[in-house]
Amino acid sequence: MATETIERPQVAPTPAPLPRRKHAQTLGARMRKNWQLYLMLAVPLIWLGIFAYWPMYGAIIAFKDYNVIDGILGSRWVGFKHFERFAESYQFWRLIKNTLVLHGYELLVTFPLPIILALGLNLARRRWYRRSVQMITYAPHFISTVVVVGLIVVLVDPNTGVVNQFLGLFGIGPVEVLSNPDWFRHLYVWSAAWQTMGFSAIIYLAALTSVSPEQHEAAIVDGASRLRRVWHVDLPAIRPVAVILLILNIGSIMSVGFEKVLLLQNPLNLQTSEVIDTYVYKLGFVSQIPQFSYAAAIGLFRSLVGLVLLVLANTLARRFAKSSLW
């Protein structure tokens with residue numbers, strides 16, 4: 001007699017319990033948990049609020065005839081009067097030209113030099129040589145602007161300066177460097193290059209550390225020379241950093257080093273040394289009748305032009321270099 005097999009119904013396996021979803025912490029809970037980090041963040045935010053955002057309140061005097069007695073809010077509103085006055089001033093184009101030419105000249109010199117220095121140090125084989133060059137080029141960054149200008153004045157002095165004494169050996173008479181408008185831009189730019197080149201190269205050296213040695217080894221196997229390796233391996237590695245720094249420099253093209261320009265300035269070289277920053281300073285603090293509203297309008301105009309240049313440079317960099325600030 002055959003026995004019948006009874007099929008038992010299959011029982012579906014019990015699904016594993018889903019992990020409990022963690023409840024999102026509130027901002028207060030996160031701040032209590034990481035209060036040390038938020039405390040560190042509070043210091044620069046307070047500084048930014050006091051020295052960067054709070055002074056914007058005073059920018060409204062550019063649209064008023066400000067006087068100390070009536071105060072900022074009580075002064076008479078005049079609209080764009082001071083902007084129109086500056087645009088119609090005989091100083092307008094001279095100040096724009098001096099500012100753009102000086103900063104453009106500085107950008108052409110001081111932007112590529114740190115890149116060249118960083119690439120050269122990265123290729124140097126002798127460790128002691130690389131460290132010596134780094135120390136020598138970094139040191140001028142820690143010299144204050146006043147001391148740098150003092151050194152320039154002593155070196156180019158027409159009577160006792162080392163430069164004129166050296167030129168005298170070849171029969172060249174004393175050269176009045178500081179009083180010659182044609183020499184002002186060269187003094188300003190090349191002294192700035194000497195002072196900032198080494199320190200500015202640090203960020204490029206840091207970017208070069210991200211280059212894998214295997215890329216150089218592969219290039220050597222393919223027969224690439226040092227110049228080819230620099231062009232095809234090192235430069236692409238620092239291009240994003242270089243583009244961002246270039247954008248920031250273009251954004252500040254209307255604002256040159258105020259202290260150094262003022263210290264190198266004298267009545268004989270005003271033709272090329274008078275820039276927007278020094279002109280605003282003289283209007284607001286040096287003139288017998290301070291023109292606070294007029295000076296504020298010129299400063300606000302400079303800032304707006306810088307903002308437009310920053311946005312334009314960022315747009316062009318994003319389109320052509322595929323790298324940008326935002």
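The values are calculated or read from the model by the stated rules, or taken from the named source; none is laboratory data. Because the structure is a prediction, the values reported are computed rather than measured. Here the Cβ is made from the backbone with ideal geometry for all residues, glycine too, and neighbour counts use every protein chain on show. These accessible areas exclude ligands, DNA and RNA; they are computed on the full protein's heavy atoms, side chains included. Shrake-Rupley method; radii C 1.70, N 1.55, O 1.52, S 1.80 Å.
Please compute the per residue accessible area over the chain with all protein chains in place, 1.4 Å probe, rounded to a whole number of Å².
Result: 69 Å² of accessible area for each residue.
Mind pulling the angle between the C-alpha long axis of helix 92-110 and the longest principal axis of the chain? Nearest 10 degrees, somewhere in 0 to 90.
On a 0 to 90 degree scale, this one is about 60.
Please report how far the C-alpha centroid of the range 171-222 lies from that of the range 117-159, rounded to the nearest whole angstrom.
10
What Kirkwood hydrodynamic radius, in Å, does the chain give when the mean of 1/r is taken over all pairs of distinct Cα atoms and then inverted?
Final number for the Kirkwood radius of the chain is 25.4 Å.
Assuming 0.890 mPa s and 25 °C, estimate D for the range 204-326 with Stokes-Einstein, Rh taken as the Kirkwood radius over Cα pairs, in µm²/s.
Once the numbers are plugged in, D ends up at 136 µm²/s.
Given the DSSP H assignment, sum -39500 (n - 2.57) over each helix run of at least 4 residues in the chain and divide by its residue total; what's the result at 222 nm in deg cm²/dmol, nearest 500?
-18500 deg cm²/dmol
Please name whichever of Val163, Met31, Thr315 sits farthest to the positive end of the charge dipole of the chain, dipole taken about the Cα centre and charges placed at Cβ: Lys and Arg +1, Asp and Glu -1.
Checked the options; the winner is Met31.
Given H placed on each backbone N at 1.01 Å, which residues far from Lys64 in sequence or on other chains put an amide H within less than 5 Å of it?
Excluding prolines and chain starts, which carry no amide H, the hits are Val78.
Output wanted: per-residue J couplings in Hz (rounded whole) for the range 162-177, from phi through Karplus 6.51 cos²θ - 1.76 cosθ + 1.60, θ = phi - 60°, x for Gly and Pro.
Karplus-based 3J(HN,Hα) across the range 162-177 equals 5, 4, 6, 5, 5, 5, x, 5, 9, x, 8, x, x, 9, 7, 6 Hz.
Helix 145-155: angle to the longest alpha-carbon principal axis of the chain, degrees 0 to 90, nearest 10?
Result, in degrees: 40.
Taking all protein chains in place and a 1.4 Å probe, what share, in percent, of the accessible surface of the chain do carbon and sulfur account for?
67
Please report how far the C-alpha centroid of the range 23-74 lies from that of the range 267-289, rounded to the nearest whole angstrom.
That distance is 31 Å.
Can you tell me the orientation of helix 181-208 relative to the chain, as the angle in degrees between its alpha-carbon axis and the longest Cα principal axis, to the nearest 10?
Helix 181-208 sits roughly 20 degrees off the main axis of the chain.
Quote to one decimal, in nm, the extra length available between Ile220 and Ser323 on full extension: 0.36 nm per residue of separation minus the C-alpha distance between them.
Full extension from Ile220 to Ser323 adds 34.2 nm.
Need the full-extension length gain, Ile172 to Asn67, defined as separation in residues times 0.36 nm minus the C-alpha distance. One decimal, nm.
Computed gain between Ile172 and Asn67 is 32.4 nm.
Label points 7 Å out from Cα along the Cβ direction at Gln25 and His141: separation in nm?
3.6
Sort the following peptides by mean Cβ neighbour count (other Cβ atoms within 10 Å, averaged over residues), highest first: 30-36, 50-56.
With the highest mean Cβ count within 10 Å placed first, the list reads 30-36, 50-56.
In the neighborhood of Pro267, defined by Cβ-to-Cβ distances under 14 Å, what is the net charge if each Lys or Arg adds +1 and each Asp or Glu adds -1?
-1
Taking 8 Å as the Cα distance limit and 6 or more residues as the minimum spacing, I'd like the relative contact order of the range 86-321 as a percentage.
In percent, rounded to a whole number, it is 27.
Most fluctuating residue of Ile115, Ile220, Ile253 in a GNM of the chain with Cα springs under 10 Å: which is it?
Fluctuation is largest for Ile220.
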